[in-house]
Amino acid sequence: MSEPAVLIRDMRVVFDDYMALKDVSIAVQPKESFGIVGESGSGKSTLLRAIAGLNAFEAGTLEINGKTYPARGRDKAFYRTVQMVFQDPYGSLHPRQTVDRLLLEPLAIHGFDNTEARIARALDEVGLGTGFRFRYSHQLSGGQRQRIAIARALIVEPKILLLDEPTSALDASIQAEILNLLEQARRDRDLTFLMVSHDLGVVSHMCDRLAVMRGGEVVETILPDSLVTRDFSADYTRQLLVASEGFRRD
Amino acid sequence: MTLLSVDNLRVTFPTRTGRVEAVRGVSFTLGKERLGIVGESGSGKSQTGRAIMGLTPKQAEISADRLEFSGIDLLKASDKERRALRGRRVGMILQDPKYSLNPVMTIGRQIIETLQTHERISNREARERALVMLEAVQIRDPGRVFDLYPHEVSGGMGQRAMIAMMLVCGPELLIADEPTSALDVTVQLDVLNILDKLVADRGMGLIFISHDLRLVSSFCDRVIVMYAGRIVEELPSADLKSAKHPYTQGLLNCLPTVGSDRHPLPTLERQEAWRL
């Protein structure tokens, strides 16, 4: 097997007295789409944020493509490889910057040339045409904002994309469009996905493997197919599966 | 028996760039049944609920050929009459307990406030009834939760408290606007179960507003599908599979589910003709 794109061993994150991640280990292969399901407080977002360097970890190791990263602080090269898309498209774009400015910033930071063409291409790739280039984020709908957030992540040509509930703030019909867009981008660019969601349907649709998290621990790691064949062991996974099937009157 | 009749309801907002018609001629009647209203953001589903409740912002214009709740003309009713209805005979549950509960008032106090606004009862009796109500929404330790502030409880617990607050006066009509969208999936089912039992036991009319067509259809007897301020289709939940309108079919098909392998997912091709 090749070297994992993301390798986490015994990662522990502590906030004051609260242990948010209890020695979690996962390995994501290059070009794999790996999903993490869990409810609020399960530690799934904390795990992504610890990888991205948005919060420090107390113990354990993090390797990206074989390179070890410390508990806090990430270099510029890291963000060339790893980019993140957040849940709330209303909170994750600068309210006083135009789309053009939002997309220019990562290019400037990483010293890209030919910015004009890159911005136009990025907008095109997320299905938004150049007509959106000089709008502010408040002039966009939720789905359009999420497309901009994806464009901003993809514009530095990363290899790994961390997706933190990218569609849970969107309508069901817009969700389908964004999921299709992400799948297309992954195919075109051979990306590795690490995707977090509370929706088992979304994760099983998008991912090759998925980990179920609860209370800061990985309960089990399974294939999406085993949800259909009921080939899993944890009772919590069954609860999530029942919940994803919707309301039933008994 | 008709509890609520809505005929040609329109809600219009004047804006700097012209008039925006959020609701454009919605008509339906409701008895003691569970009615679902489904649509995307901006389809006018929430504004329909708010117009019935009398919570439309002041600057908006409401018009209807008929807007009647158990014989009361809601369009002609004074503010005072509407206040007497709200909370007492018509209740509304909102999406997010974090923002819809008063943050500086304990949960118990808020339930009592509803009761004492509408009924002349002693503090002690009000407290008793609030505790009974908290128990009815399956809060295990009502005495403790009674004295907690909204920030001290979880989302699921907050939503139960809001249901308790809305049902304590025994309304005849309950409007639930995305009551579970802010909750975790497993908690969603608990809250829906509680809501379902209370609605059935007390014989209320229910309007369930959501963007999740499948959830709504599993919960309601009848579903109204809205697009761009209009009703595009109305059908019994059982017949959802035979929905005719492409928009309804699109809403049904676009959700990824466990075990279905559809890449890419079908998306909605919105057509101008649906707006008409």
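Here, each number is a calculation from the coordinates, and none is a lab measurement. For clarity, every value in this text was computed on a predicted model and none was experimentally measured. Positions of Cβ are backbone-derived with ideal geometry, glycine not excepted, and every protein chain shown enters the neighbour counts.
A straight Cα-to-Cα reach below 18 Å connects B:Lys241 with the aspartates and glutamates A:Glu245, B:Asp212, B:Asp221, B:Glu233, residues fewer than 8 places away in its own chain not being considered.
For segment B:94-251, what is the relative contact order in percent, using Cα pairs closer than 8 Å and at least 6 residues apart in sequence?
Values: 188 pairs, mean separation 32.8, N = 158.
This gives 21 percent for segment B:94-251.
So, how do all the Cα-to-Cα distances of segment A:90-181 break down into 10 Å bins, in percent, from 0 on up? With a bin width of 10 Å, the distribution comes to 16, 52, 29, 2. Of all aspartates and glutamates in the structure, those lying under 13 Å Cα to Cα from B:Lys76, and not within fewer than 8 positions of it along the same chain, are B:Asp65, B:Glu68.
Neighbour counting of Cβ atoms within 10 Å sorts the residues B:Met157, B:Met165, fewest neighbours leading, into B:Met157, B:Met165.
Normalised radius of gyration (Cα atoms, divided by 2.2 N^0.38 Å) for chain B: 1.04.
Provide A:Thr221, A:Thr192 in ascending order of the number of other Cβ atoms located within 10 Å of each residue's Cβ, fewest first. Mind dumping the intermediate values first?
Working: A:Thr221 16, A:Thr192 25.
Least crowded to most crowded, the residues run A:Thr221, A:Thr192.
Is the shape of the protein assembly as shown rounded, prolate or oblate, going by the alpha carbon gyration tensor and its root eigenvalues a ≥ b ≥ c, with a/c under 1.5 for rounded and a/b larger than b/c for prolate? Cα axes put the protein assembly as shown in the prolate bin.
Taking the Cα centre of the protein assembly as shown as reference, the dipole from Cβ charges on Lys and Arg (+1) and Asp and Glu (-1) amounts to some 1260 debye. Note on the protein assembly as shown: dipole from Cβ charges, positive end direction compared against A:Ile36, A:Ala5, B:Ala161; the farthest Cα belongs to B:Ala161. Here the translational diffusion coefficient of segment B:1-123 follows from Stokes-Einstein with Rh set to the Kirkwood radius across Cα pairs; for 25 °C and 0.890 mPa s it amounts to 151 µm²/s. Over the Cα atoms of segment A:6-244, each weighted equally, I'd like the Debye log10 I(q)/I(0) at q = 0.09, 0.11, 0.13 Å⁻¹, rounded to two decimals. Computed log10 I(q)/I(0) values: -0.38, -0.57, -0.80.
If you put +1 on each Lys and Arg Cβ and -1 on each Asp and Glu Cβ, how big is the dipole of segment B:131-276 around its Cα centre, in Debye rounded to 20?
Here segment B:131-276 has a charge dipole of around 320 debye.
Mean separation of Cα pairs under 8 Å and 6 or more residues apart, divided by the residue count, gives segment A:6-244 a relative contact order of 28 percent.
Fewest-first ordering of B:Phe208, A:Phe134, A:Phe86 by other beta carbons within 10 Å of each residue's beta carbon gives A:Phe134, A:Phe86, B:Phe208. Karplus-based coupling profile of segment B:211-224, in residue order and whole Hz: 8, 9, 4, 5, 4, 4, 6, 6, 9, 10, 7, 9, 10, 10, with θ = phi - 60° in 6.51 cos²θ - 1.76 cosθ + 1.60 and x standing for Gly or Pro.
Note on chain A: with charges restricted to the Cβ of Lys and Arg (+1) and Asp and Glu (-1), its dipole about the Cα centre is near 600 debye. Rounded to the nearest angstrom and listed largest first, the equivalent-ellipsoid semi-axes of segment B:168-276 from its Cα gyration tensor are 27, 18, 12. Helix B:155-167 and the long axis of chain B differ in direction by around 80°, with both axes built from C-alpha atoms.
Entry note, chain B: the mean residue ellipticity at 222 nm calculated from DSSP H runs of n ≥ 4, each adding -39500 (n - 2.57), is -10000 deg cm²/dmol after division by the residues and rounding to the nearest 500.
Measure up B:Lys58/B:Lys80; B:Lys45/B:Lys244; A:Lys22/A:Lys44; A:Lys44/B:Lys197; A:Lys67/A:Lys159 against 22 Å on the Cα-Cα distance and list the ones that go over. Each step should come with its number before you reach the end.
Values: B:Lys58/B:Lys80 15 Å; B:Lys45/B:Lys244 20 Å; A:Lys22/A:Lys44 11 Å; A:Lys44/B:Lys197 33 Å; A:Lys67/A:Lys159 14 Å.
Result: A:Lys44/B:Lys197 exceed 22 Å.
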